[in-house]
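Remarks on the structure that follows.
The values are calculated or read from the model by the stated rules, or taken from the named source; none is laboratory data. Computed from a predicted structure; not experimentally measured. Cβ placement follows ideal geometry from the backbone for every residue including glycine, while neighbour counts extend to all protein chains displayed.
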Amino acid sequence: MGEVQWIKLKVGMFDDSKIKYIEALPERDTIITVWVKLLTLAGKYNEQGYIMLSENLPYNEEMLANEFNRPLNSIRLALQTFEKLGMVERYNGILKIANWEKHQNVEGLDKIRQQTRERVRKHREQKQLEECNVTVTQSNATEEELELEKELELEKSNTLSSNSTVYPYESIVEYLNKQASKKYRYQTDKTKLLIKTRFKQGFSEDDFKIVIDNKVAEWKGTDMEKFLRPETLFGNKFEGYLNQQVSNKETTDNPYENLF
């Protein structure tokens, strides 16, 4: 179905012999009104003059009476008149304006129909792409979250003794907050676990500051600033961020490429 906002009406339509015949009938005003309304319905559906509500639902007499707010007998009289004059035809019980191509700008209507179909096609492709990206992202996030949950459970099950290593959770998060102008809390289990994991891998507090400085310089003031958080900076890409040179803010590379 094409989205049409207009149809053509000839300025000389009332000089037409068929319209003159209708004007001699007792219910001429109702019949002519029904005729114009039928033309607008055919234009709205925009499929070669068929009178359709949707692709699988043609209008019948009762539906037209309700649509046009006219008595059913008046609709039947009008349709009988149109069919008698060859203005309306029926194909498999479906009403169709006769000679639609003759009266309307079919080329323009076809163009609108094609544009609509192309717009729908692109919308569907974009929606499928977004759904695919969301599925992949959710899958990756789920795997990472499951891994962290396991480590958190292990962390909670192991009570730290007085000789346990004390990691600089607070100073690292405070440094991030200062550089990025944020207010993250260092006490969250996930943040503490990420920091502890990186220390166990051999990284130092200075390494955390380098990562923070690199990403703050690259992301602050851009759309990526929202990712200046412990879960992103201290996650699986930590080592990559550490080895990364500070990027020029005007680089043409995709800024989301190494985010997760």
Suppose we filter Ile7, Ile19, Ile32 for residues that are touching a residue at least 24 places away in the same chain (Cβ under 8 Å) and either part of a helix (DSSP H, G or I) or under 30 Å from Arg121 (Cβ atoms) (or both); which single one remains?
Ile7
Return the residue satisfying two criteria in turn: it lies in the stretch 50-65 and is without any contact (Cβ under 8 Å) to a residue 24 or more places away in the chain and exposed (fewer than 12 other Cβ atoms within 10 Å of the Cβ), and of such residues it is nearest to Ile22 (Cα to Cα).
Glu62
Selection from the stretch 219-230 of residues that are assigned to a helix (DSSP H, G or I) and modelled with pLDDT of 90 or more:
Trp219, Pro230
Qualifying residue in the stretch 46-60 (condition: among the charged types (D, E, K, R) and in a helix (DSSP H, G or I))
no
